[in-house]
Amino acid sequence: MYSLLFKSFFRTKIFMVSLILLLTVGIISIFIGKQYLIKQEKTIAAAQVFQEESINKNLEYHSEDLGLLLYYLRFTLIKKPENISAISIGQSDINPLLQSVTIRALEAQKYDNDFENPSLLMSGNLDLGFVIIYLFPLVLIAMTFNLYSEEKELGTWRILAAQTSSKAQFLFKKLVVRFFFVFGVLLFLLFFASAILQIPLNQNFGGIFIQSVLYLLFWSALSFWMVSLQKNSSFNALALISIWVVLTILLPALVNNYVINTYQIPEALDAMVEQRDGYHEKWDLEKDATMTDFFKTYPQYKNYEVAEDQFSWIWYYGMQFMGDFEAKDTSAEMTEKIMLRNTVSEKIALFVPTMHVQLSFNTLASTDMVSHLGFLKALTEFHKNLREGFYNSIFDNKSSDSVGLENYEAKFYESELHIDWLRLILPILLFTVLIAIFSLVNLRKL
């Protein structure tokens, strides 16, 4: 039976159109991901070269004044990109994978990003994750919406029904044929991506593979449920396309709008203003007022003299530190709200399969907001270690030779991911099983 159904399906126009469409767009998306990785590699290489050249160039002019030298020098922390991020670029196109910072106040530097093409950001990236989430369901809908209605409308259903022992089983086998076709294309694209993008077959890749298969099963079950209602082809097509629009476009947009407006983040501007005011207002205050607060955090520098009538680097970098210190609470509140936004979105996504799959892809590819916040936290620690490592030499008016700046290279940060397999798999699996049960109940009426 299956061999006949496969042969019959392979002779249809929809088979060839679907095959060409999925393979063409899928392969294009993989090479777009490849270009994304190449761009990231070039950016990282350029940042490493820039840091080395910048250090050497500034050493020529400011080697005798370490405080002035370190005013200009930038040190780079790089979030080591995972090749799997090319499958689901997520938010990594707006959240930088590297930050070059001075030892001055950090808060103003954290969000100093490159400008991106607004049109590209609005339309999103045509990565493989996009193809799986948006295009594969459309192909499944096109191949399955008329499994029953076409036979009914052509007048062949009675003949087929007379030749099979179970009409529901016959329809199910037709669905299985189409599912395995789409599954085969998905399998090819994922492993082709693994080869082209050099993605290791680790748990992250396994997670994306499992989630993709479950997603196809969900849409197959949804299409089969629509078929089980025994409506005409026009109704099935319109209903399934409407469901696709709601699940892939309307609901995610509504959720995004709700989260943004419910959990507003004025702290983003407040933190920047507080950091700037916390630094700039110190120029108009007595130096003792600045240094008293600075010495509370760094009591080991209390013995350093700070003259009121002349400039000193301990006072200057003390002002810079106090700018960050005064914005610390607001910055923490902002981070907490961003995490709250992410948590709320993930909870709502448990009931919206398309959102759940998209967020899961981003998490597995380390291109989500949580991964970026982890990078910013590491950047804060990186900045703290940098300035504290230089403080003694700056305050003692030592030359650049004392710190060996030529040995400072760009540092890499590697994110760690713990996969919650139950949370990853269970929501979409439950939806699929429930819809399949409803379909079987309806098919009893055949």
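Some observations on this one:
Conditions (1) within 25 Å of Ser439 (Cβ to Cβ); (2) modelled with pLDDT under 90, marked per residue:
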| residue | (1), (2) |
| --- | --- |
| Ala161 | yes, yes |
| Lys167 | yes, yes |
| Val176 | yes, yes |
| Phe183 | yes, no |
| Leu189 | no, no |
| Phe192 | no, no |
| Ile196 | no, no |
| Leu201 | no, no |
| Ser212 | yes, no |
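- Residue tally, condition under 25 Å from Leu186 (Cα atoms) and polar (S, T, N, Q), over segment 204-262: 8
- Flag if Ile84 is within 30 Å of Leu417 (Cα to Cα), at pLDDT below 90 and out of contact with any Cys (no Cβ under 8 Å at 6 or more places or on another chain): no
- Within segment 194-209, considering residues that are assigned to a helix (DSSP H, G or I) and under 18 Å from the mean Cα position of the chain (by Cα), the one surrounded by the most Cβ atoms within 10 Å (Cβ to Cβ): Ile208
- Annotation note: of Ser100, Ser92, the sole residue that is surrounded by 18 or more Cβ atoms within 10 Å (Cβ to Cβ) and part of a loop (DSSP other than H, G, I, E, B) is Ser92.
- Residue within segment 230-238 that is under 17 Å from Gln358 (Cβ atoms) and either touching a strand residue (DSSP E or B) at 6+ places or on another chain (Cβ under 8 Å) or surrounded by fewer than 19 Cβ atoms within 10 Å (Cβ to Cβ) (or both) present: no
- When segment 257-310 is filtered for residues that are over 26 Å from Lys110 (Cα atoms), at pLDDT 85 or above and assigned to a helix (DSSP H, G or I), the ones remaining, listed by number, are Tyr258, Thr292, Pro299, Gln300, Tyr301.
- Criterion (at pLDDT below 95, crowded, with 17+ Cβ neighbours inside 10 Å, closer than 21 Å to Gln109 by Cβ and of a type in the set (Phe, Trp, Tyr)) met by exactly one of Tyr413, Tyr408: Tyr413
- Just so you know, in segment 28-72 the residues that are in contact with a helix residue (DSSP H, G or I) (Cβ under 7 Å, 6 or more places away or on another chain) and under 26 Å from Ile84 (Cβ atoms) include one that is surrounded by the most Cβ atoms within 10 Å (Cβ to Cβ), and it is Gly33.
- Met319 meets the stated requirement of being closer than 22 Å to Ile103 by Cβ and among the aliphatic types (A, V, I, L, M).
- Being within 27 Å of Phe351 (Cα to Cα), of a type in the set (S, T, N, Q), free of Cβ contacts under 8 Å to residues at least 40 places away in the same chain and surrounded by fewer than 19 Cβ atoms within 10 Å (Cβ to Cβ) is a property that Ser166 lacks.
- Subset of segment 382-405 (residues that are in contact with a Phe, Trp or Tyr (Cβ under 6 Å, 6 or more places away or on another chain) and either of a type in the set (Val, Ile, Thr) or closer than 16 Å to Leu106 by Cα (or both)): Leu386, Ile394
- Here Phe10 qualifies as without any contact (Cβ under 8 Å) to a residue 24 or more places away in the chain and of a type in the set (Phe, Trp, Tyr).
- Set side by side, the residues Glu381, Glu409, Glu414, Glu388 differ, and just one is farther than 23 Å from Ile55 by Cα and either out of contact with any Pro (no Cβ under 7 Å at 6 or more places or on another chain) or basic (Lys, Arg) (or both), which is Glu414.
- Contact map, segment 375-401: residues that are part of a helix (DSSP H, G or I) paired with residues that are at pLDDT 90 or above and surrounded by fewer than 18 Cβ atoms within 10 Å (Cβ to Cβ), Cβ distance under 8 Å, separation 6+ or inter-chain. Pairs shown: Phe382/Lys411; Tyr391/Tyr298; Tyr391/Tyr301; Phe395/Tyr301.
- Single match in Lys302, Lys337, Lys347 (criterion: basic (Lys, Arg), farther than 22 Å from Thr76 by Cβ and more than 25 Å from the chain's Cα centre (by Cα)): Lys302
- Residues that are modelled with pLDDT under 95 and farther than 18 Å from Ser233 by Cβ within segment 136-159 comprise just one, Ile159.
- Residue in segment 250-259 that is farther than 25 Å from Tyr36 by Cβ, without any contact (Cβ under 8 Å) to a residue 12 or more places away in the chain and of a type in the set (A, V, I, L, M) present: yes
- Filtered residue count, segment 292-309, keeping only those that are within 15 Å of Tyr391 (Cα to Cα) and free of Cβ contacts under 8 Å to residues at least 24 places away in the same chain: 7
The values are calculated or read from the model by the stated rules, or taken from the named source; none is laboratory data. Since the structure is predicted, the reported quantities are computational estimates derived from the model, not experimental observations. Note: ideal-geometry Cβ built from the backbone for every residue, glycine included; neighbour counts use all protein chains shown.
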